[in-house]
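Asks: Have a look at this one.
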Amino acid sequence: MNLSKKKPFIFFLIVCLFIYPIGYNNVSSINFDVNQTEVSIGIYNYPPFSFKEDDSIKGIFIDLIEYIGLKVNWKINYYFGNFSDIYNKTICNEIDIIPAVDYSFDTDNNLEFNNETVISTMGVVVTTSSEINSIFDLHHKRIGVVVDDPLYKSKNGIKDLLNEYKIESSFIEYQDYDDLVADLEDKNKLDAGVVNNLFYDDKLRNSKIRELDIIFNPLSLRFSSGKDNLNKYYLLGTIDQYLSELKQDKDSAYYDILRNYFETEENHLILFLKIFLGFAAIIISYFTFRIFNIKIKLKSRNKEIKVEKDKTNKMFSFLENSYDYLEILIDGLRNPIQVLVFETELNMSDNSLMKINLEKILTILNKIDTIFYSYVEKKKDK
């Protein structure tokens with residue numbers, strides 16, 4: 001085949017390479033660097049999902065991405081800051097992933113989200129004031145909010161909710177929940193505050209801060225990446241793959257991570273009590289069985305003792321009767337002698353009556369001897 005005949009075929013291949021559609025959600029058909037191991041994660045203070053404590057990065061999303069990173073050999077670099085800075089760096093491709101972002105937050109369509117929801121949460125209003133019991137009691141009150149929290153300014157957030165009911169309140173903005181809670185505990189600075197329900201359950205439930213019956217703005221928290229990030233499909237697709245598998249197994253690392261953050265001291269106490277009661281039940285069952293077994297043995301032994309007692313009573317009864325009978329025979333033995341001495345009418349010349357009585361006496365004595373010997377031997381065996 002000459003070169004002129006090959007030209008149409010080569011031209012066809014070039015056209016296919018340019019017009020072949022790239023799948024939007026198909027990880028295998030996207031453009032990414034398969035040798036990438038370094039992944040940058042932007043962290044902002046949003047406990048218990050992501051936060052910084054004692055110079056360590058912690059949170060549900062952090063533990064989860066660490067687990068996935070170990071599985072796929074990612075080298076993870078963390079960048080800590082406020083949400084606005086992290087968000088801007090992400091849409092400029094300076095950061096690969098932001099964790100714990102609400103799926104409905106990105107109204108400007110600058111972010112790409114993974115498909116699997118990591119965890120859902122919602123907003124709650126908390127207070128230390130006994131005068132605030134409903135949403136209408138927030139009128140003209142000072143409410144603490146975290147400036148980048150989706151529970152604040154986003155659609156269906158606390159600001160929208162109060163506007164809907166025409167409730168006028170003043171909002172005091174904070175960078176994180178810790179500062180908000182500190183001022184909330186000081187009644188001179190705040191009347192109420194807005195936090196997510198999981199933060200309340202984890203940190204505040206056993207404190208003097210109480211939760212109102214005001215629940216709003218359910219959130220679907222996921223991992224996100226910049227819309228123009230070339231590796232977004234690879235990163236988010238990998239997260240979805242592992243997250244989907246982990247959520248199907250109740251004994252997986254996903255549920256271990258959730259239990260680690262949401263098993264409070266009260267839950268640990270309940271677990272301890274359950275274990276203690278379990279052991280107590282086993283011990284009580286054991287001693288109940290032992291007591292029951294001892295009662296059965298005692299009952300059996302009492303029957304044996306009763307049988308022995310009956311035998312002993314019969315033996316002594318026999319001896320008493322034998323003694324009485326022996327006296328009679330001895331009296332009968334003496335009577336013939338007396339008859340002979342005093343020349344009675346009885347004819348004892350052949351001594352027949354004396355012989356009969358002596359034989360009966362010897363028979364009784366032999367029986368008595370046998371009974372006592374048998375009784376003594378049994379006592380020795382026992």
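The values are calculated or read from the model by the stated rules, or taken from the named source; none is laboratory data. If you're wondering where the values come from, they're calculated on a predicted model, not measured in any experiment. All Cβ positions, even for glycine, are placed from backbone atoms using ideal geometry, and neighbour counts span all protein chains on display.
Asks: Take PHE12 and decide whether it is at pLDDT below 95 and assigned to a strand (DSSP E or B).
Replies: Against the criterion (at pLDDT below 95 and assigned to a strand (DSSP E or B)), PHE12 does not qualify.
Asks: Could you run through region 142-182 and say how many residues are touching a helix residue (DSSP H, G or I) at 6+ places or on another chain (Cβ under 7 Å) and free of Cβ contacts under 8 Å to residues at least 24 places away in the same chain?
Replies: Adding up the residues that qualify gives 1.
Asks: Kindly check whether there is at least one residue in region 127-139 that is within 35 Å of the chain's Cα centre (by Cα), crowded, with 17+ Cβ neighbours inside 10 Å and in contact (Cβ under 8 Å) with a residue 12 or more places away in the chain.
Replies: Yes, region 127-139 contains at least one residue that is within 35 Å of the chain's Cα centre (by Cα), crowded, with 17+ Cβ neighbours inside 10 Å and in contact (Cβ under 8 Å) with a residue 12 or more places away in the chain.
Asks: For LYS159, work out the one condition from (1) modelled with pLDDT of 95 or more; (2) over 38 Å from the mean Cα position of the chain (by Cα); (3) buried (at least 17 other Cβ atoms within 10 Å of the Cβ) it doesn't fulfil.
Replies: (1)
Asks: Also, quick follow-up: Kindly indicate whether any position in region 167-178 is under 30 Å from VAL39 (Cα atoms) and of a type in the set (A, V, I, L, M, F, W, C).
Replies: No, region 167-178 contains no residue that is under 30 Å from VAL39 (Cα atoms) and of a type in the set (A, V, I, L, M, F, W, C).
Asks: Which of (1) modelled with pLDDT of 95 or more; (2) in contact with a Leu (Cβ under 9 Å, 6 or more places away or on another chain) does LEU236 not meet, given it meets every other one?
Replies: (2)
Asks: Also, quick follow-up: For region 182-202, which residues satisfy the criterion of being in contact with a strand residue (DSSP E or B) (Cβ under 7 Å, 6 or more places away or on another chain) and farther than 22 Å from ILE257 by Cα?
Replies: Listed by number, the residues that qualify are ASP183, LEU184, LEU190, ASP191, ALA192, GLY193, VAL194.
Asks: Here's a follow-up. Of everything in region 34-73, what is in contact (Cβ under 8 Å) with a residue 24 or more places away in the chain and assigned to a strand (DSSP E or B)? Give them in sequence order.
Replies: Answer for region 34-73, where residues must be in contact (Cβ under 8 Å) with a residue 24 or more places away in the chain and assigned to a strand (DSSP E or B): GLU38, VAL39, SER40, ILE41, GLY42, ILE43, TYR46, SER50, PHE51, LYS52.
Asks: Look through LYS187, LYS155, LYS166 and report the one residue that is at positive phi and either assigned to a helix (DSSP H, G or I) or not acidic (Asp, Glu) (or both).
Replies: Of the residues listed, the single one that is at positive phi and either assigned to a helix (DSSP H, G or I) or not acidic (Asp, Glu) (or both) is LYS166.
Asks: Shifting gears a bit: Pairs please, first residue from region 220-243 and closer than 26 Å to MET122 by Cα, second anywhere and aromatic (Phe, Trp, Tyr) and surrounded by 18 or more Cβ atoms within 10 Å (Cβ to Cβ), Cβ atoms under 6 Å, 6+ apart in sequence or on different chains.
Replies: Listed pairs, sorted by first residue: ARG222/PHE113; SER224/PHE113; ILE239/PHE223.
Asks: Please specify each residue of region 94-114 satisfying the condition of being touching a Leu at 6+ places or on another chain (Cβ under 9 Å), part of a loop (DSSP other than H, G, I, E, B) and modelled with pLDDT under 95.
Replies: TYR103, SER104, PHE105
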